[in-house]
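This report refers to the structure that appears directly beneath it.
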Amino acid sequence: HYGRGIQILFENSKMQAPMLVLKNNTQRESGRKVQLGNIKAAKTISDVIRTCLGPKAMLKMLMDPMGGIVMTNDGNAILREIQVQHPAAKSMIEISRTQDEEVGDGTTSVIVLAGELLKVAEPFLTENMHPTVIIAAYRQALEDLVEIMGKEISVSVDTNNREEMIKIIKSSLGTKFMKGWNDLACGIALDAVKCVHLEQGGHKEIDIKRYAKVEKVPGGTIEESMILDGVMFNKDVTHTGMRRRIENPRIIMLDCNLEYKKEKSTDCDSALIPLL
């Protein structure tokens, strides 16, 4: 059943039918009605971001919980701001989130595709076809599709060929807000991946979530964006006498903060002020 209700089931030899104790305002549905309701909820989520797909995609204007306005056509960013209660709609949002974490692209396409698959399956449900039969057919279609893609459609790509990699990245950024700076953005993305690329024992690892960080600095222009092969700390200058540039510095690694913190002094002990 749906909702946050409680369900208690009593069964013994004397009671033939189960007794259900549900919380007030709890709806319990089952059978074909629930299946069609799940398809309707999934199609609703798909229709929300359908217009964000393709080269003529439109931007969605969203308002975050803090009252800020966000304009984007990224499917995952839009679905993060949507508050839904239906379990099928939540599953669709999880699909987009998983696609973003595993692949990094196609968050809108996967939602539109999932909505269309459920839309095609709806007539078969109304004809009283069992869901497991429909699922088995979809799995067979997936196996055939992977085989056809691997043998007839897919082409091998040389990752060391910069021009080919730039073309692939442009296909991902072509519908984004950065398309006006495609060459710059694609070059930065490719160089950033090469910086964090690790290869040990024939195993390749590219973990951009942990090792690649986007630092936003107010001021300047987009053309001034660059790749820093190293570690960057965005800190403000706390004193006019501090040097702005230090070459060949000596670096000390500490596991404690060197931030200045104002502490309240008491009658027993006084505030400790770090001397830097």
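Go through (1) assigned to a loop (DSSP other than H, G, I, E, B); (2) closer than 28 Å to Asp74 by Cα; (3) open to solvent by 100 Å² or more (accessible area, probe 1.4 Å) one by one and return the number of the condition Asn234 breaks.
(3)
Among the candidates Lys151, Lys119, single out the residue that is free of Cβ contacts under 8 Å to residues at least 24 places away in the same chain and over 30 Å from Ala192 (Cα atoms).
Lys151
Return yes or no: is Leu184 within 24 Å of the chain's Cα centre (by Cα), surrounded by 13 or more Cβ atoms within 10 Å (Cβ to Cβ), hydrophobic (A, V, I, L, M, F, W, C) and at pLDDT 85 or above? Explain how you work it out, then say what you get.
Values: within 24 Å of the chain's Cα centre (by Cα): yes; surrounded by 13 or more Cβ atoms within 10 Å (Cβ to Cβ): yes; hydrophobic (A, V, I, L, M, F, W, C): yes; at pLDDT 85 or above: yes.
So Leu184 fits the description; yes.
Would you confirm whether any residue within the stretch 182-200 is closer than 26 Å to Ala57 by Cα and touching an Asp or Glu at 6+ places or on another chain (Cβ under 9 Å)?
Checked against the condition, which is being closer than 26 Å to Ala57 by Cα and touching an Asp or Glu at 6+ places or on another chain (Cβ under 9 Å), the stretch 182-200 yields at least one hit.
If you check Ile246, Ile168, which single one turns out to be within 21 Å of Gly106 (Cβ to Cβ), of a type in the set (A, V, I, L, M, F, W, C) and either at pLDDT 80 or above or open to solvent by 70 Å² or more (accessible area, probe 1.4 Å) (or both)?
Going through Ile246, Ile168 in turn, the sole match is Ile168.
When the stretch 187-216 is examined, which residues are found to be assigned to a helix (DSSP H, G or I) and open to solvent by 100 Å² or more (accessible area, probe 1.4 Å)? Let's see the steps before the verdict.
First, the residues of the stretch 187-216 that are assigned to a helix (DSSP H, G or I): 187-196, 208-211.
Result: Lys194, Lys209, Arg210, Tyr211.
So which pairs qualify, if the first residue must be in the stretch 77-102 and within 15 Å of Ile49 (Cβ to Cβ), the second must be among the polar types (S, T, N, Q) and modelled with pLDDT of 80 or more, the Cβ gap must be under 6 Å, and the two must be at least 6 apart or on different chains?
That search, which allows pairs on different chains as well, returns Leu79/Ser96; Ser96/Thr107; Gln99/Thr107; Asp100/Thr107.
Taking the condition over 30 Å from Ile78 (Cα atoms), outside any strand (DSSP E or B), open to solvent by 100 Å² or more (accessible area, probe 1.4 Å) and not aromatic (Phe, Trp, Tyr), does Thr159 pass?
no
Could you check, for the stretch 81-102, whether at least one of its residues is among the β-branched types (Val, Ile, Thr), over 18 Å from Lys40 (Cα atoms) and open to solvent by 20 Å² or more (accessible area, probe 1.4 Å)?
The answer is yes; a qualifying residue exists.
Could you list all residues from the stretch 103-122 that are polar (S, T, N, Q) and touching a helix residue (DSSP H, G or I) at 6+ places or on another chain (Cβ under 7 Å)? Step through it out loud before you land on a result.
Here is the first cut: in the stretch 103-122, the residues polar (S, T, N, Q) are 107-109.
Result: Thr107, Thr108.
The values are calculated or read from the model by the stated rules, or taken from the named source; none is laboratory data. Because the structure is predicted, anything quoted here is derived from the model rather than measured. No Cβ is skipped: glycine too gets one built from the backbone with ideal geometry, and neighbour counts run over all protein chains shown. For accessibility, only protein heavy atoms count, side chains too; no ligands or nucleic acids. Shrake-Rupley method; radii C 1.70, N 1.55, O 1.52, S 1.80 Å.
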